[in-house]
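Heads up, the thing below is written out as structure tokens.
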Amino acid sequence: MLTFLKCAGMAFDTPPFVGGGIEVANEGRLSRARKYFLENYNNVVTWLVCLYILILPTRFLTTIKDFLCISCLCLWFGRMVLEKKLLFKRTPLDIPILIFGALIVASIFTSISPWKTADQIRGEFLKVFAVFYFSVNNINTTRQIRTVITCVVWTSLIYALYSVTGSTLLGVHVVGKGGLIDFPGGQVAGLFINIFIGFLIASFCYTNDIRKRVLLGFIIFANIAALYVASTRAAVVALFFQLILFFRDSLKKVALVILGFVCLLIMLPCHSIWHGDDIGIRVFHDFFHKSPEELYKGGSTTDRIASYKYHLSIIKKNPLYPHGWGRFYASKRKLLYTVRSYDPLSAYLSIWFQLGLQGLLVFIFLFYKLIRIFWVNKDDENGALFAGFLLMTVGFAVNIAFGDFYGDSQALMLWLLSGMGVGLYLNPEKVKVENK
């Protein structure tokens, strides 16, 4: 009887192996989910980046841009949790970026508006370099980068056609403002064209497929037409440097490039660029003999010269003094400025004003490191990609010398794509190929 009760009691107890079976099943499902996530991770982040690039040049969709950016960073963090290791590669730019960040943080204490500087640190430093390191560590294989560059090519065509058709057929200056897509105008549009066209030129020259060359030639022509619509001299000068750099090994090609640019400048609205009261040798003579207030006449070039002179007059009092990171609104600078043109109208002059000479030197050194990395690797098996990254960086660096446009979507696009180039440079698969 006792034995029977013991047996009956056992029937109501949960055998040890049942609970273990449930745990094993759960672990199996988690293992499959983890495996599925890791197997598809590269494809997911690549297509998220492609979508991000597609909408990045627009002025609206800010919430979607931020959502995509945060999603990519969260996926990266999730991957590190699942793999139980820190997925972070050291790069040749780490120390310069840390120094640059330290100078930005220190500028809070001497800023015109400390609260504005603190806010700008989040948007124009942390976000930009978070995107850079995401690219370095997650978009670094040839297959991924080729997919993204293909997206860049089609994105350039979309915005170029929209700009040209909007200006000619719809009768509105789409590149300037307005329109359904609201592509940024003037020099900002030219800056994006300089970013895009570097990859177009490299792809055109490196491919042997005739059909691809015809398509890329059409896309390049569309971007040149969009550049004409934008009417920005800075982008023309930057493109000139890009082409001279790319065709540096052939004097005949350089001659053709120069001839092409002469034709392009003839096509541009020359009356507003080279003639009239807006520009001339007189302006540069007046730079040394007139005050900023006297130079200011409401024109593009005279405003620029007046702004250069005024900011240099402030900077030379103490070249090392940082006035605070961030492109402040005009109302924040009225205590310092006496001319109507409140912006430095040059990213380098702006960085000098914001962070002092030490900040400017570190900023220039960052571009030097990028250009050196891409230059050294432009002749390897991924030469077309590195040539595109090189032309993009050079075009961007030249363009921002004539406008304070380092920030917002432009800086995000530059560092997102540059991160891919640096990631490809650090890719161990690439090293193995080189060591064969």
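The values are calculated or read from the model by the stated rules, or taken from the named source; none is laboratory data. Remember, it's a predicted structure, so these values are computed and weren't measured experimentally. Heads up, the Cβs are rebuilt from the backbone with ideal geometry, glycines too, and the neighbour counts pull from every protein chain shown.
Any residue that is part of a helix (DSSP H, G or I) and touching a residue at least 12 places away in the same chain (Cβ under 8 Å) - is there at least one of those in segment 88-95?
Within segment 88-95 (the criterion being part of a helix (DSSP H, G or I) and touching a residue at least 12 places away in the same chain (Cβ under 8 Å)), the answer is no, since none of the residues qualifies.
Whether any residue in segment 392-403 is of a type in the set (A, V, I, L, M) and surrounded by fewer than 22 Cβ atoms within 10 Å (Cβ to Cβ) is what I want to check.
So far as segment 392-403 goes, yes, one or more of its residues are of a type in the set (A, V, I, L, M) and surrounded by fewer than 22 Cβ atoms within 10 Å (Cβ to Cβ).
In segment 1-44, how many residues are surrounded by 10 or more Cβ atoms within 10 Å (Cβ to Cβ), at pLDDT below 80 and of a type in the set (S, T, N, Q)?
2
It is to be established whether one or more residues within segment 94-108 are surrounded by 18 or more Cβ atoms within 10 Å (Cβ to Cβ), small (Gly, Ala, Ser) and on the phi < 0 side of the Ramachandran plot.
Looking for residues that are surrounded by 18 or more Cβ atoms within 10 Å (Cβ to Cβ), small (Gly, Ala, Ser) and on the phi < 0 side of the Ramachandran plot, one finds at least one in segment 94-108, hence yes.
Checking the condition closer than 24 Å to GLN358 by Cα, touching a Phe, Trp or Tyr at 6+ places or on another chain (Cβ under 9 Å) and of a type in the set (A, V, I, L, M), which residue from VAL105, VAL45 passes?
Only one candidate qualifies: VAL105.
Quick check: is even one residue across segment 128-143 farther than 19 Å from ASP408 by Cα, out of contact with any His (no Cβ under 6 Å at 6 or more places or on another chain), at pLDDT 85 or above and among the hydroxyl-bearing types (Ser, Thr, Tyr)?
yes
When residues of segment 388-420 are filtered for being more than 23 Å from ASN138 (Cβ to Cβ), under 16 Å from the mean Cα position of the chain (by Cα) and assigned to a helix (DSSP H, G or I), how many remain?
The qualifying residues number 8.
Go through the residues of segment 91-102 one by one and say whether even a single one is within 26 Å of THR150 (Cα to Cα) and at pLDDT 90 or above.
Checked against the condition, which is being within 26 Å of THR150 (Cα to Cα) and at pLDDT 90 or above, segment 91-102 yields at least one hit.
Out of (1) of a type outside the set (Val, Ile, Thr); (2) at pLDDT below 90; (3) crowded, with 22+ Cβ neighbours inside 10 Å; (4) within 26 Å of LEU87 (Cα to Cα), what's the single condition that is false for LEU424?
For LEU424, the failing item is (2).
Scanning segment 154-176 for residues that are part of a helix (DSSP H, G or I) and surrounded by fewer than 18 Cβ atoms within 10 Å (Cβ to Cβ), which turns out modelled with the lowest pLDDT?
Of everything passing the filter in segment 154-176, THR168 is modelled with the lowest pLDDT.
Has segment 45-67 got at least one residue that is surrounded by 15 or more Cβ atoms within 10 Å (Cβ to Cβ), more than 17 Å from the chain's Cα centre (by Cα) and touching a residue at least 60 places away in the same chain (Cβ under 8 Å)?
yes
I need the full set of residues from segment 177-194 which are at pLDDT 65 or above and touching a Gly at 6+ places or on another chain (Cβ under 7 Å), in order please.
Across segment 177-194, the qualifying residues are GLY186, GLN187, ASN194.
Given the conditions (1) modelled with pLDDT under 90; (2) assigned to a helix (DSSP H, G or I); (3) of a type in the set (A, V, I, L, M); (4) surrounded by fewer than 19 Cβ atoms within 10 Å (Cβ to Cβ), which single one is not true for LEU336?
(2)
For segment 104-151, how many residues are farther than 26 Å from LEU385 by Cα, in contact (Cβ under 8 Å) with a residue 12 or more places away in the chain, assigned to a helix (DSSP H, G or I) and over 14 Å from the mean Cα position of the chain (by Cα)?
Selection size over segment 104-151: 12.
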